[in-house]
Amino acid sequence: MRVAGHILAYNVDRFLPHVVENCGRFVDKIFIVWPERPWDYAPASRAAKRNPTTREKVEEAIASARAKGVTAEIEVICSDFKTEEDTRNDCLDRAIGEGYDWLIIQDADEFYSDVSWEALLKFMAADRGHDRILTPWHNFWKTPELVLTSGNGSIRDVNAGFAIRCRSGVRFETARKTTSAATILVDEPCYHYGYVMSDAEMWEKITTWGHAHQVNAQKWFRLKWLGWTPAHSYLHPVTPLFWPKAIRFLGKQPPFASHFMNLSQETAPLGFIDVLENMLRDCVTDVRIVARKLLRRLTV
């Protein structure tokens with residue numbers, strides 16, 4: 001079995017050396033995609049911004065991983081695709097062309113324990129009935145010590161994809177989501193630090209990422225990110241009810257969590273108008289939740 005991974009290198013200075021090491025010890029090759037500018041989901045950002053992660057930072061990350069014993073082949077792809085799915089499909093096509101069996105989807109802020117890597121690779125080597133693998137994940141908030149709850153109150157959710165079989169005909173359709181495929185969930189958790197960022201990194205993320213056209217970046221950043229307190233609810237920037245709360249993570253911290261533990265962040269207490277607006281937004285979400293529950297009962 002030959003396995004390739006792909007990592008997107010935009011605005012990921014702190015994560016990149018560690019994810020190359022995390023992935024590179026278990027795959028045969030990593031495609032690191034380095035774009036000079038953002039995707040086209042927010043045209044103003046694409047026109048004005050340049051990648052905060054420089055090409056030199058990518059080379060430094062690779063050198064750091066090499067120094068720690070990573071021997072996987074690494075190819076840096078300089079790209080200028082307009083969409084996330086086109087970016088990922090380019091990596092998929094390269095993996096198919098080079099004869100790989102599986103393509104790992106590992107964004108720079110996602111990590112797996114060594115035990116999970118070994119279990120996932122063992123499953124992939126034996127599996128013949130599935131073309132897409134999902135894993136559960138923990139979504140952390142501001143620090144690895146805080147984890148986001150899902151709509152059912154659990155701290156475990158399901159990611160949009162861990163791996164796809166290269167010659168299955170599966171394609172990336174919308175961002176990370178793929179065309180329909182025989183899918184299985186393998187219970188090896190991903191530690192997702194996509195919201196363990198500085199304020200500057202978070203602002204860059206929500207104004208450039210694949211959901212930039214779905215978010216009121218200024219409002220979310222001001223009300224939910226800068227103004228956050230443990231009492232705040234409905235934190236997901238696109239679909240608020242997905243993340244009702246951020247609570248203390250009581251699980252065992254994996255070794256790689258130490259790299260992201262002591263991130264200093266400023267707080268910006270909300271003014272009176274902002275407090276009212278935040279309360280109103282949360283009330284609207286509460287009403288939507290109640291309406292959905294009532295609708296489900298009426299249709300049973």
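If you go through segment 147-193 and keep only what is assigned to a strand (DSSP E or B) and surrounded by fewer than 18 Cβ atoms within 10 Å (Cβ to Cβ), you end up with 158, 173, 174, 177, 183, 184, 185. Summed over segment 71-87, the residues that are closer than 17 Å to residue 27 by Cα and touching a strand residue (DSSP E or B) at 6+ places or on another chain (Cβ under 9 Å) give a count of 5. Scanning segment 97-128 for residues that are closer than 25 Å to residue 65 by Cα and among the hydrophobic types (A, V, I, L, M, F, W, C) returns 102, 103, 104, 105, 108, 111, 115, 117, 119, 120, 121, 124. Restricting attention to segment 120-134, the residues that are touching a Ser or Thr at 6+ places or on another chain (Cβ under 9 Å) and not in a loop (DSSP other than H, G, I, E, B) add up to 4.
Take the residues in segment 95-134 that are of a type in the set (Lys, Arg) and free of Cβ contacts under 8 Å to residues at least 40 places away in the same chain, then tell me which one is nearest to residue 23 (Cα to Cα). Top of the filtered list is 122.
Take the residues of segment 155-181 that are in contact with a helix residue (DSSP H, G or I) (Cβ under 8 Å, 6 or more places away or on another chain) and of a type in the set (Gly, Ala, Ser): which is nearest to residue 98 (Cα to Cα)? Applying the filter and picking the extreme gives 163.
The residue that is modelled with the lowest pLDDT, counting only those in segment 245-289 that are touching a strand residue (DSSP E or B) at 6+ places or on another chain (Cβ under 9 Å), part of a loop (DSSP other than H, G, I, E, B) and among the polar types (S, T, N, Q), is 265.
Each row is one residue, and each column tells you yes or no for (1) under 29 Å from residue 3 (Cα atoms); (2) over 12 Å from the mean Cα position of the chain (by Cα).
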{"residue": "145", "(1), (2)": "no, yes"}
{"residue": "156", "(1), (2)": "yes, yes"}
{"residue": "170", "(1), (2)": "yes, yes"}
{"residue": "178", "(1), (2)": "yes, yes"}
{"residue": "192", "(1), (2)": "yes, no"}
{"residue": "195", "(1), (2)": "yes, no"}
{"residue": "202", "(1), (2)": "no, yes"}
{"residue": "208", "(1), (2)": "no, yes"}
{"residue": "217", "(1), (2)": "no, yes"}
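Determine whether residue 120 is buried (at least 19 other Cβ atoms within 10 Å of the Cβ) and touching a helix residue (DSSP H, G or I) at 6+ places or on another chain (Cβ under 7 Å). No; evaluated as a whole, the condition is false for this residue.
For segment 50-85, filtering for residues that are over 22 Å from the mean Cα position of the chain (by Cα), assigned to a loop (DSSP other than H, G, I, E, B) and not small (Gly, Ala, Ser) leaves 3. Screening residue 19 with (1) in contact (Cβ under 8 Å) with a residue 12 or more places away in the chain; (2) out of contact with any Pro (no Cβ under 6 Å at 6 or more places or on another chain); (3) surrounded by fewer than 19 Cβ atoms within 10 Å (Cβ to Cβ) gives one miss only, at (3).
The number of residues in segment 22-71 being within 24 Å of residue 82 (Cβ to Cβ) and either in contact (Cβ under 8 Å) with a residue 40 or more places away in the chain or not hydroxyl-bearing (Ser, Thr, Tyr) (or both) comes to 27.
The values are calculated or read from the model by the stated rules, or taken from the named source; none is laboratory data. Note that this is a predicted model, so its numbers are computed, not measured. When we count neighbours, we look across all protein chains shown, and the Cβ atoms used for this are built from the backbone with ideal geometry, even at glycine.
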